[in-house]
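Student: Sending over a structure as structure tokens; questions will come in a sec.
The values are calculated or read from the model by the stated rules, or taken from the named source; none is laboratory data. Everything quoted here is computed from the prediction, not taken from an experiment. Neighbour counts run over all protein chains shown; Cβ positions are idealised from the backbone, glycine included.
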Amino acid sequence: MKKFIVGNFKMNTTLHDFAKYLDCFLPLVKECKNFVALSIPYTHMMLASQKLVSTNVVFGSQNISTEEKGAFTGEISNLMVKDLGAYFTLVGHSEIRKKFRETNEQINQKIMRALSVNLKCVLCVGETKTERNANKTKMVLKKQLEIALKGLYENELKNIIIAYEPVWAIGTGKTPTTKDIEETVDHIRQIIMDMFSQKSADKILVIYGGSVNQNNSSNILKIKNINGLLVGGACLNPVEFANIIK
Ligand code: PEP
């Protein structure tokens, strides 16, 4: 089955850097069978919509507003992102949860906004180190998922990709063991089963993110309940990211 590999640029690269990146990256992944998605700064989207047309790579945003339009200075809406040709948006990335105090309720609103304009969502969930040490991982994931997915119809889950990203693994070079990831992803699927059905729990895409690089990616992709990867730092090097994808 095709793996879903997402690169998260975060707040990196100028438009010029990004153009050069694509010139190097696109030929490297041209023959690749996996599904490739780039989560890029808003300022790069117009260029992405031109350069990625007729390629096997899609792009998306790293966030959207809870609102559709109006007096929300500095925000970008679902409609604006969709209008530029985005395929998806990230929602609930831990950096936004933490630095901008984004709540699970706001994440739910953003998901509703995204789905209303046919944007897929890569929903990031995961526990902090403190929560993990206090044995609260399962509880935290349950709360994050139950609130974020509240009010969704079961058939909308095909537009949701869950990214399990332990916060303590993001940008730190640390990763859970493959056994840990497998157990936690089983738990995520159990939550989806309790909220929706066994069929949805089996079908929903769950990917892993947190210090993935070209040395550990193939082992993580071998975990049987994992459908792909969310790659931050390592996606900024087009050659390394292409190696991960391949
Ligand atoms: C991320 O930004 O979602 C991420 C997983 O970052 P990194 O790969 O750098 O840990």
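Student: On the basis of being within 17 Å of Lys10 (Cα to Cα) and of a type in the set (Gly, Ala, Ser), does Gly228 make the cut?
Tutor: no
Student: Suppose we filter region 1-32 for residues that are of a type outside the set (Val, Ile, Thr) and closer than 17 Å to Leu205 by Cα; how many remain?
Tutor: Adding up the residues that qualify gives 5.
Student: Of the numbered conditions (1) crowded, with 19+ Cβ neighbours inside 10 Å; (2) more than 10 Å from the ligand (Cβ to nearest atom); (3) without any contact (Cβ under 8 Å) to a residue 60 or more places away in the chain; (4) within 18 Å of Lys138 (Cα to Cα), Ile220 satisfies every one except a single condition; which is it?
Tutor: Unmet for Ile220, out of (1) crowded, with 19+ Cβ neighbours inside 10 Å; (2) more than 10 Å from the ligand (Cβ to nearest atom); (3) without any contact (Cβ under 8 Å) to a residue 60 or more places away in the chain; (4) within 18 Å of Lys138 (Cα to Cα): (4).
Student: Give me the residue from region 46-70 that is hydrophobic (A, V, I, L, M, F, W, C) and under 24 Å from Gln106 (Cα atoms) and, out of that set, surrounded by the fewest Cβ atoms within 10 Å (Cβ to Cβ).
Tutor: Per the stated criteria, the residue is Phe59.
Student: Here is a further query. I'd like to verify a number: residues in region 200-217 that are away from the ligand (no atom under 12 Å from the Cβ) and closer than 11 Å to Thr178 by Cα, how many?
Tutor: Final tally of qualifying residues: 0.
Student: Sticking with this structure for a sec: How many residues are within 22 Å of Leu123 (Cβ to Cβ) and in a loop (DSSP other than H, G, I, E, B) when one looks only at region 13-67?
Tutor: Counting residues in region 13-67 that are within 22 Å of Leu123 (Cβ to Cβ) and in a loop (DSSP other than H, G, I, E, B) gives 9.
Student: Sort out which residues of region 42-74 are of a type outside the set (A, V, I, L, M) and more than 26 Å from Ala19 (Cβ to Cβ), and write them in order of number. Walk me through how you get there before you give the answer.
Tutor: As a first pass, look at region 42-74 and keep what is of a type outside the set (A, V, I, L, M): 42-44, 49-51, 54-56, 59-63, 65-70, 72-74.
Ser65, Thr66, Glu67, Glu68, Lys69, Gly70, Phe72, Thr73 - these are the residues of region 42-74 that are of a type outside the set (A, V, I, L, M) and more than 26 Å from Ala19 (Cβ to Cβ).
Student: Same structure again: Please find, within region 229-243, the residue that is surrounded by the fewest Cβ atoms within 10 Å (Cβ to Cβ) out of those that are in contact (Cβ under 8 Å) with a residue 40 or more places away in the chain and away from the ligand (no atom under 12 Å from the Cβ).
Tutor: Among those that are in contact (Cβ under 8 Å) with a residue 40 or more places away in the chain and away from the ligand (no atom under 12 Å from the Cβ), it is Val239.
Student: Restrict the check to region 173-186 and report whether at least one residue is more than 19 Å from Lys110 (Cα to Cα), at pLDDT 95 or above and among the hydrophobic types (A, V, I, L, M, F, W, C).
Tutor: Yes, region 173-186 has at least one match.
Student: Still on this structure, I have one more. Starting from region 3-31, keep only residues that are of a type in the set (Gly, Ala, Ser), then list their pairs with residues that are more than 16 Å from the ligand (Cβ to nearest atom) whose Cβ atoms are within a distance under 7 Å, requiring at least 6 positions of separation or different chains.
Tutor: Ala19/Leu47
Student: Still on this structure, I have one more. Here is a list: Ser54, Ser61. Which entry is away from the ligand (no atom under 16 Å from the Cβ), closer than 30 Å to Ile245 by Cα and of a type outside the set (Lys, Arg)?
Tutor: Exactly one of Ser54, Ser61 is away from the ligand (no atom under 16 Å from the Cβ), closer than 30 Å to Ile245 by Cα and of a type outside the set (Lys, Arg), namely Ser54.
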